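What follows is calculated from the coordinates using simple rules that are stated; it is not laboratory data. Remember, it's a predicted structure, so these values are computed and weren't measured experimentally. Because the Cβ atoms are built from the backbone with ideal geometry, glycine has one as well, and the counts that use them run over all protein chains shown.
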Amino acid sequence: MNAGAAVPSLRSAVEERELIARARLGDGTAERALYDAHVDRVYRLSYRLAADDDLARDFTQETFIRAFARLDGFRGEAAFSTWLHRIATTVALNGLRKVKRFHRREAELDEAAEMVSRGRAAEPDLKSRLRQAIDALPVGYRTVFVMHDVEGYTHEEIAGALGVETGTSKAQLSRARAKLREALADFAGEWAS
Amino acid sequence: MMHDRFEERLRDAARDYHTPPPVPRDEMWAEIAARREAERTRVVRPWMRWGMAAAAVLVLGIAIGRYTAPQRDGVPTASDVVGAAGTPIANGDAYRVAARQYLSRTEVFLTGFRADARRGKLDSSFTASARNLLISTRLILDSPAGQDPRLRDLLEDLELVLAQIAQYEHGDDAQLIDQGLDQRGVLLRLRAEIPAGPATPTQGGAL
């Protein structure tokens, strides 16, 4: 998984349960440990969806503030990460709806830098077209596509985070890919080779 | 086949989609901690108001008790202090009033705890309230009101029960606490110590 590499993992589910119990009692060290264990994935997902560092920070902070404030409501029926990602996706998608800044893309400078460093790993024209095509996807398709194909979440994780069935996640990913294939049809010949 | 290749190339290219910068962990945590702290000081939860009221009554009771305690150096004694109804306030009455207030609140708390425990609807506000009441229990045990042997026995049992609730984690704990309440007859004894009517100094002697 893309996002998993740099994430410090908790030693066990038992340890996580203990941290949650301590955090419920207001233990700041336990809150920080939970934050450290999950913040990378939450921030990365927020950034991929928002394409803006300020927004990604806002969404991440809001996610953890809400999570700690509502920790009493976490019953342990789902994994803590699932529960946390449900908050994260709600915060991010509602936030994006409100600010509407996700249409503003900071493309050119980043792209120029990546063109120099990456060569043909992903062609600049393709990257640019792909980014536009992903941006143009309906929000549901885009969220599932980013979570699965970009950040490496499983369909089970996506279903838990978005509160949908696993089959819905799979169907939305399939439709997202179909739309991207359509949008990138002129690359088909090159990709078939 | 062509679809497979397309999806493989698509996933490969998609990894560059809005590539995140390094995660600004400490900066975000500083902001989260500051907002959490601001929230804690701004929001006074109901159980905290309740606890603060109980603590205020205790402090007031202890202050009155000290003021009305016998003095050897000519300072007014208890018999010089007259209650609102014209009757003297006996030494230790203030402590007893504070103790009675505490017992009433503890009875309400334990009744609520037991009802919610039996419905399986406990939440962590109970543990917070139990911790608060534990402090009051210790204060009363250390006050002259705690010298009454019968009250002292009850307070020690309450201290044990409240400590168990303060440590509450899951449903099995609630069952054990509930059984403990029954076996020691804590609620019955608690109710027996609380007379009907408001707790005022002129109704002393209930304890």
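General remarks:
- Contour excess over end-to-end distance, with Cα ends at B:ARG150 and B:ARG40 and 0.36 nm allotted per residue: 35.7 nm
- The modelled label-to-label distance between B:ARG11 and A:ASP135, using points 7 Å beyond Cα along the C-beta direction, is 2.6 nm.
- Contact order for region A:136-185, expressed relative to its length and based on alpha carbon pairs under 8 Å spaced 6+ residues apart, stands at 41 percent.
- Each residue, A:VAL164 and B:ASP116, gets one label point 7 Å from its Cα in the Cβ direction; the gap between the two is 3.7 nm.
- Residues B:GLN175 and A:THR82, FRET efficiency given R0 of 25 Å [Cβ-Cβ distance, rounded to 0.05]: 0.30
- Shielding by partners for peptide B:26-37, expressed as the average number of C-beta atoms from other protein chains within 10 Å of each residue's C-beta, is 5.
- The equivalent ellipsoid of region A:23-69 has semi-axes of 22, 10, 7 Å, largest first, where each one is the square root of 5 times an eigenvalue of the Cα gyration tensor.
- Working ranking of peptides B:33-40, A:154-161 by packing, defined as the average number of other Cβ atoms within 10 Å per residue, highest first, is A:154-161, B:33-40.
- Footprinting exposure proxy for B:ARG9, B:ARG191, B:ARG96 (fewest neighbouring C-beta atoms within 10 Å first): B:ARG191, B:ARG9, B:ARG96
- Rg of the Cα atoms in region A:136-185, relative to 2.2 N^0.38 Å, amounts to 1.06.
- Extending 7 Å from Cα along the Cβ direction at A:ALA69 and again at A:SER12 yields two label points whose distance is 3.5 nm.
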